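These notes are about the structure you will find just below.
The values are calculated or read from the model by the stated rules, or taken from the named source; none is laboratory data. A quick note: this is a predicted structure, and the numbers were derived from the prediction, not measured. Positions of Cβ are generated from backbone atoms using ideal geometry, with glycine treated the same way; all protein chains shown enter the neighbour counts. With ligands, DNA and RNA removed, areas are computed over all heavy atoms of the protein, side chains included. Shrake-Rupley method; radii C 1.70, N 1.55, O 1.52, S 1.80 Å.
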Amino acid sequence: MTIQTPSLGDRSYLVTDGATALVVDPQRDIDRVLALTASRGVTVTHVFETHIHNDYLTGGLALARATGAAYHVNAADEVAFDRIPIADRDVIPVGPSMRVRVIATPGHTFTHLAYALEDTVSGEAVAVFTGGSLLYGSAGRPDLLGAEHAPALAAAQYASIRRLAADLPDQAAVHPTHGFGSFCAATVSGAEDSTIGEERRVNPALALDEACYVAGLLAGLDDYPAYYARMAPANAAGPAVPDLTAPATVDAAQIGRRIAAGEWVVDLRSRRAFAAGHLSGSLSFEYGDNLIANLGWLLPPGRPLTLLGDSPGQVAAAQRDLARIGIDRIAGTAGPPRERPGAAGRLASYPVSDFEGLAAARRDQPVAILDVRRRLEWSAGHIEGALHVPLHHLPGRLPDLPPGPIWVHCQAGYRASVAASLLHAAGKTVTAIDDDFGRAALAGLPLTTAPEPVSYTAT
């Protein structure tokens with residue numbers, strides 16, 4: 001059974017023979033796993049980690065302690081807790097009909113492992129849990145341990161994927177942890193399932209020579225969230241189960257004092273609702289699958305965080321998402337901001353438009369355009385004369401922006417809304433473009449491209 005976490009672009013897996021179960025790469029909120037096992041009347045006896053994760057906090061140790069399961073982690077990983085150390089070619093029986101064969105697959109990390117699930121009667125591998133090695137039409141990125149290691153890890157990734165293809169039958173199902181929107185994936189694939197045979201057909205690592213593959217893999221890498229740097233050390237230390245107790249409710253006066261003190265007050269409502277009326281100084285991070293990557297990337301470590309939401313359920317969902325990356329202590333929460341009588345109680349607002357609106361504004365007068373997409377998006381095509389500041393650099397670049405009105409855009413509107421709220425909180429006059437960048441050319445805006453890096457996409 002697949003346990004999806006779309007907000008991180010990751011998957012965990014629960015495998016059972018009807019009585020015993022194993023779990024691969026569980027997320028930190030293990031209550032989801034425990035609810036599934038309880039509903040099926042099965043017992044988790046083994047928990048496996050493919051690697052020390054860089055994009056989220058694991059629930060592996062907590063799940064093993066809660067269930068009494070054996071916790072399997074690479075013997076070469078330096079960790080601060082007891083585990084069952086495993087290594088390449090080890091075979092672990094799981095119940096009477098299943099066994100797991102360990103396969104070393106360095107590339108995403110130096111100590112990465114994959115797990116072939118074998119039927120004990122036939123001896124056949126029916127599936128392989130590939131973590132951040134073989135993804136659907138892609139591979140896990142090799143640069144999360146530092147750019148200096150990326151070339152060696154990219155070459156190792158190539159060899160690991162080829163080993164999996166050589167060792168496993170075509171019909172074996174491929175179950176990666178990353179690759180569904182995660183920044184841990186080198187490229188994006190829309191596939192929902194795959195097999196070793198299908199990967200032989202579509203995966204670049206199995207079609208290109210090593211030099212070409214490594215060059216393409218490295219050239220296609222872009223920035224990844226800053227909070228990744230904190231995940232591996234925390235995972236090596238052994239994260240505890242998160243406390244998802246509802247935060248204390250705060251009033252408007254308290255929120256005002258927190259904003260004045262430099263704390264972050266994040267509004268989870270829709271970006272259009274935020275633009276139409278919000279507390280001055282608060283920031284827009286619309287709740288959804290884009291929340292973790294963007295808020296986790298931008299929130300300064302240790303900065304107190306207050307959440308404003310449409311409902312307690314929305315705040316609770318955001319709290320759970322944020323706990324998955326170690327943002328545990330929410331300073332407070334409140335409902336949607338309300339405008340109160342008097343000038344001091346008025347909500348702030350800014351306009352929202354589209355690329356046709358930008359084109360019309362440019363016809364009347366010069367307009368400062370801010371593009372907050374990432375480097376490779378900018379290189380593939382951007383509006384002539386636009387200023388490029390990726391969203392994750394924007395808080396430190398606010399003093400460098402030109403005076404006067406600024407129109408801000410991204411690829412589809414989410415990052416533009418975050419950027420617009422940052423600009424507005426800093427006293428800038430801003431218009432947020434809530435539109436797909438593909439409509440910019442249709443609106444008559446002149447586009448240009450920067451030289452594109454050599455890269456590939458899966459076909």
Restricting to Cα pairs below 8 Å that are 6+ residues apart, what does the relative contact order work out to for the chain? Please round to a whole percent. 13 percent
In whole Hz, with x marking every Gly and Pro, tabulate ³J(HN,Hα) for segment 444-449 from phi via Karplus 6.51 cos²θ - 1.76 cosθ + 1.60, θ = phi - 60°. x, 7, x, 10, 9, 10
All other residues with a Cβ under 14 Å from the Cβ of L445 taken together, and with Lys, Arg as +1 and Asp, Glu as -1, what is their net charge? -3
Excluding ligands, DNA and RNA, what is the solvent-accessible area per residue of segment 28-119 at a probe of 1.4 Å, expressed in Å²? 36 Å²
Over all pairs of distinct alpha carbons, what does the Kirkwood formula give as the hydrodynamic radius of segment 1-46, in Å? 10.7 Å
Restricting to bridges with both residues inside the chain, how much of the DSSP beta-bridge set is antiparallel, in percent to the nearest 5? 45 percent
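Does segment 103-246 come out rounded, prolate or oblate by the C-alpha gyration tensor, with a ≥ b ≥ c the root eigenvalues, rounded set by a/c under 1.5 and, if not, prolate when a/b is larger than b/c and oblate if not?
Values: a/c = 1.80, a/b = 1.18, b/c = 1.52.
Oblate, because a/c is 1.5 or more while a/b does not exceed b/c.
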In the calculated pair distance distribution of the chain, what percentage of Cα-Cα distances lie above 40 Å? 26 percent
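Could you give the dipole magnitude of the chain about its Cα centre, charging the beta-carbon of Lys and Arg +1 and that of Asp and Glu -1, in debye to the nearest 20? Write out the running numbers ahead of the final one.
On the way: 36 positive and 48 negative charges, 260 e Å.
I would put it at about 1240 debye.
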Can you pull out the trypsin sites (Lys or Arg not before Pro) in segment 106-202 whose DSSP state is coil and whose Cβ has at most 16 other Cβ atoms within 10 Å? none
Here the tail fraction of P(r) beyond 26 Å, over all Cα-Cα pairs of segment 1-120, rounds in percent to 13 percent
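Can you put D77, D209 in order of accessible area, largest first, using a 1.4 Å probe? Intermediate results must be reported in sequence, preceding the final value.
Numbers: D77 15, D209 90 Å².
Final ranking, largest accessible area leading: D209, D77.
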Given a 1.4 angstrom probe, what's the average accessible area per residue across segment 286-342, in square angstrom? 42 Å²
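What are the GluC sites (Glu not before Pro) within segment 54-137 that DSSP puts in a loop, where the Cβ has at most 16 other Cβ atoms within 10 Å? Let's see the in-between values first.
Values: sites: E78, E118, E124; in loops: E78, E124.
Answer by residue number: E78, E124.
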Projecting each Cα onto the charge dipole of segment 195-260 (Lys/Arg +1, Asp/Glu -1 at the beta carbon, about the Cα centre), which of L221, A252, P204 comes out farthest on the positive side? A252
What accessible surface, in Å², does a 1.4 Å probe find on E356, ignoring ligands, DNA and RNA and rounding to the nearest 10? 110 Å²
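Using a 1.4 angstrom probe on the protein heavy atoms only, line up L447, L113, L347 by accessible area, largest first.
L447, L347, L113
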Per residue, how large is the accessible surface of segment 141-264? Use a 1.4 angstrom probe and give square angstrom. 43 Å²
Under 5 Å between amide hydrogens, which residues at least 5 positions from L447 or on another chain qualify, with H placed 1.01 Å from N in the peptide plane? E384
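Rounded to the nearest angstrom and ordered from largest down, what semi-axes does the equivalent ellipsoid of segment 183-342 get from its C-alpha gyration tensor (root of 5λ)? Please list the in-between numbers first.
Numbers: eigenvalues 306, 64, 46 Å².
Three semi-axes, in Å: 39, 18, 15.
Which sequence of C410, C212 reflects their accessible areas, 1.4 Å probe, from the largest down? Spell out each step's value before the answer.
Values: C410 0, C212 65 Å².
Result, largest first: C212, C410.
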Using a 1.4 Å probe on the protein heavy atoms, what percent of the accessible area of the chain belongs to carbon and sulfur? 54 percent
Can you tell me the Rg and Dmax of segment 307-459, counting just the alpha carbons, in angstroms? 18.2, 60
Over 21 Å, how big is the tail of the calculated P(r) for segment 281-391, in percent of all Cα pairs? 56 percent
Peptides ranked, highest mean first, by Cβ atoms within 10 Å: ranges 302-315, 251-264: 302-315, 251-264
